[in-house]
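Step one of this worksheet: look at the structure below.
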Amino acid sequence: MWPFRKRSVPQLDPTQLRTLLFDAAASGTKHKLLQACRTYKDQAVRHVDFLTRLPDEFPRDDASIDRHIEQLFAIARCLANECGAPELLNKLSTVKEDNPFTRWDGWLEQVAARIQRLEYESLINEAEDGIAEIRQFAGATARQYEAMFVGRMGELVFHSGRVAESMSRFRSAYELCTGIGDIEGQDVYLTYLLECHCYLADGSEVAAATELRDFKEKLGHPTKEIERRLQRLRVGEPLNRVVCVSTRGEEELDELVDATADRYQFQFRRNRISLQKATTLTRLGNQLATEGNLADALERYDQASEVDPFDPDPVYQRGMCLLEMGLYAQARDAYAEVEQLAPGWFRCRSDHWLADGLDRGTISVEEFQLLRALDDGRLPRAQAEKLAREGQARFPEFAPLYLFLGDLGASQEEAQAAYRKGLECVREPDLESRLLCGLAASSTERSVELESWLDRIDSLPGSLVAKATARVIRARAMG
């Protein structure tokens with residue numbers, strides 16, 4: 001005979017079982033929860049559906065709901081990991097179409113891919129429906145989803161070109177993040193609000209930047225970047241500028257007191273960020289142009305400009321497309337528009353000169369085709385040099401050829417000779433600044449002549465990249 005009798009487990013109704021398990025979880029005592037789960041695991045498995053439902057009489061405030069969910073998962077993990085009964089945890093983790101949290105997660109995960117397919121209107125409508133549904137739920141988790149959906153709605157509206165309309169969405173998302181203590185979200189939406197004011201140029205840019213700066217300062221976050229932005233806004237942020245990017249980070253040209261980094265990249269920065277829908281349309285236009293579908297490409301560029309009339313890139317790409325089509329006067333007008341939107345954007349100044357010359361007949365189609373073949377960048381170096389030399393023999397006064405000959409020069413002497421010859425015949429500031437930049441970069445020591453080249457680059461209304469390169473060369477020479 002056994003010296004003891006196995007105690008029978010009392011059978012509890014579902015409400016009693018739930019109370020017992022949740023009391024054990026609320027006790028904070030791991031042993032007490034483990035004992036309750038081991039004793040009543042079979043009954044818990046039978047009543048999984050009941051345990052996952054919120055009691056009818058349960059308070060609906062955020063703190064109570066969050067605490068209930070935390071305790072429910074503690075019970076489920078204990079049953080699964082300690083008692084070999086994973087049914088409750090599986091129930092909580094199972095993806096079901098009628099689970100709103102699962103549906104919301106799935107929608108959020110699909111947004112990025114659908115944006116690339118330009119599904120903005122559908123996404124905006126779905127976001128509105130999602131927000132209405134989320135607001136029927138209580139709890140901090142629901143408020144977190146509401147903040148994400150409202151913020152996503154703001155981004156979709158903003159990047160589809162409805163910037164003024166997006167501001168109320170971003171402010172609502174910011175307030176929701178404030179309510180749930182989401183600091184990262186507050187930072188994101190204050191930044192978006194600043195970008196809205198800058199895009200609209202509504203006179204509130206400095207106030208918005210100050211609000212963001214004060215927020216970061218209060219939290220002890222780095223404020224260097226926003227302080228620099230605030231300073232530019234106070235004096236008037238330029239439509240377009242070039243910054244230096246290296247291993248030391250991003251530097252404004254006037255901050256470049258030395259040039260000790262091994263390598264610099266020069267990047268354009270505008271006073272407005274690009275709207276994503278316009279960027280996608282421009283990329284699609286570029287793909288069409290590469291495939292030779294120039295008329296379809298132009299349509300995409302026009303659509304991009306309708307979305308974001310301040311973005312110079314679709315207009316710039318439109319100009320290149322028009323050049324390829326032989327519509328030189330229209331291309332010239334496009335480059336003039338680029339210069340108004342973003343002065344010095346890439347090579348819009350020399351491209352304007354090229355289109356104007358083609359239209360007036362001072363530049364031949366043969367010269368243009370030769371330049372395009374060299375500028376394409378797909379020719380092997382030896383073949384490109386051969387083509388440039390043949391072109392120089394045919395068109396000795398066509399200055400762009402000497403820029404290529406200098407860049408392809410096998411020696412310092414050959415490169416400098418080509419740049420100097422180009423400077424003798426150049427009549428356009430952008431090209432002149434690039435030729436001078438090549439000449440300065442090929443020099444190995446500081447000299448009066450080098451200083452004169454750099455001064456000349458600074459004085460020209462030429463290439464912004466050439467000006468930035470000249471600043472690096474000067475800083476290195478002085479160092």
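The values are calculated or read from the model by the stated rules, or taken from the named source; none is laboratory data. Computed from a predicted structure; not experimentally measured. Don't worry about glycine lacking a Cβ; one is built from the backbone with ideal geometry, like all the others, and counts go over all protein chains shown.
A residue that is surrounded by fewer than 16 Cβ atoms within 10 Å (Cβ to Cβ) and at pLDDT below 90 can be found somewhere in segment 104-112. A336 meets each of the listed conditions (1) among the small types (G, A, S); (2) over 24 Å from L464 (Cβ atoms); (3) in a helix (DSSP H, G or I) apart from (2). Checked across segment 43-57, the condition of being surrounded by fewer than 17 Cβ atoms within 10 Å (Cβ to Cβ), among the acidic types (D, E), modelled with pLDDT under 90 and touching a Gly at 6+ places or on another chain (Cβ under 8 Å) holds for no residue. Scanning segment 112-137 for residues being in contact (Cβ under 8 Å) with a residue 40 or more places away in the chain and within 14 Å of L176 (Cβ to Cβ) gives a total of 0.
Please tell me if A342 is of a type in the set (A, V, I, L, M), at pLDDT 95 or above and surrounded by 22 or more Cβ atoms within 10 Å (Cβ to Cβ). The answer is yes for A342. Against the test of being touching a residue at least 60 places away in the same chain (Cβ under 8 Å) and in a helix (DSSP H, G or I), the options E175, E184, E195 yield a single qualifying residue, E195. Does segment 265-282 contain any residue that is small (G, A, S) and within 20 Å of K467 (Cα to Cα)? Within segment 265-282 (the criterion being small (G, A, S) and within 20 Å of K467 (Cα to Cα)), the answer is no, since none of the residues qualifies.
Per-residue answers, yes or no, for (1) surrounded by fewer than 24 Cβ atoms within 10 Å (Cβ to Cβ); (2) modelled with pLDDT of 95 or more; (3) of a type outside the set (S, T, N, Q):
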{"residue": "A295", "(1), (2), (3)": "yes, yes, yes"}
{"residue": "E306", "(1), (2), (3)": "yes, yes, yes"}
{"residue": "V315", "(1), (2), (3)": "no, yes, yes"}
{"residue": "L323", "(1), (2), (3)": "yes, yes, yes"}
{"residue": "R332", "(1), (2), (3)": "yes, yes, yes"}
{"residue": "A336", "(1), (2), (3)": "yes, yes, yes"}
{"residue": "S350", "(1), (2), (3)": "yes, yes, no"}
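The set of residues from segment 358-383 being out of contact with any Lys or Arg (no Cβ under 9 Å at 6 or more places or on another chain), surrounded by 19 or more Cβ atoms within 10 Å (Cβ to Cβ) and not aromatic (F, W, Y) comprises I363, L371, L374. When R162 is tested against the conditions (1) touching a residue at least 24 places away in the same chain (Cβ under 8 Å); (2) over 30 Å from V45 (Cα atoms), the lone failure is (1). Inspection of segment 291-307 identifies no residue that is in contact with an Asp or Glu (Cβ under 7 Å, 6 or more places away or on another chain), more than 24 Å from E195 (Cβ to Cβ) and touching a residue at least 40 places away in the same chain (Cβ under 8 Å).
Taking the criterion of being more than 16 Å from A26 (Cα to Cα) and assigned to a helix (DSSP H, G or I), the residues of segment 43-82 that qualify are Q43, A44, V45, R46, V48, D49, F50, D62, A80, N81, E82.
Looking across segment 255-290, the residues that are of a type in the set (D, E, K, R) and modelled with pLDDT under 95 come down to E255, D258, D262, R263.
Does at least one position in segment 2-21 carry a residue that is in contact with an Asp or Glu (Cβ under 7 Å, 6 or more places away or on another chain) and modelled with pLDDT of 90 or more? There is no residue in segment 2-21 that is in contact with an Asp or Glu (Cβ under 7 Å, 6 or more places away or on another chain) and modelled with pLDDT of 90 or more.
Taken residue by residue, segment 305-322 has at least one member that is more than 21 Å from L354 (Cα to Cα), within 20 Å of the chain's Cα centre (by Cα) and among the small types (G, A, S).
With respect to Q303, determine if the residue is more than 30 Å from K386 (Cβ to Cβ) and assigned to a helix (DSSP H, G or I). Answer is yes for this residue.
Determine, yes or no, whether D430 is in contact with a helix residue (DSSP H, G or I) (Cβ under 7 Å, 6 or more places away or on another chain), crowded, with 16+ Cβ neighbours inside 10 Å and at pLDDT below 95. Answer is no for this residue. Taking each residue of segment 261-276 that is over 26 Å from Q116 (Cβ atoms) and looking for partners that are among the polar types (S, T, N, Q) and not in a loop (DSSP other than H, G, I, E, B) with beta-carbon atoms closer than 6 Å, six or more apart or interchain, yields A261/S246; Y264/S246. Go through (1) in a helix (DSSP H, G or I); (2) aliphatic (A, V, I, L, M); (3) surrounded by fewer than 18 Cβ atoms within 10 Å (Cβ to Cβ) and name the single condition A138 misses. Evaluating A138 over (1) in a helix (DSSP H, G or I); (2) aliphatic (A, V, I, L, M); (3) surrounded by fewer than 18 Cβ atoms within 10 Å (Cβ to Cβ) leaves (1) as the failure.
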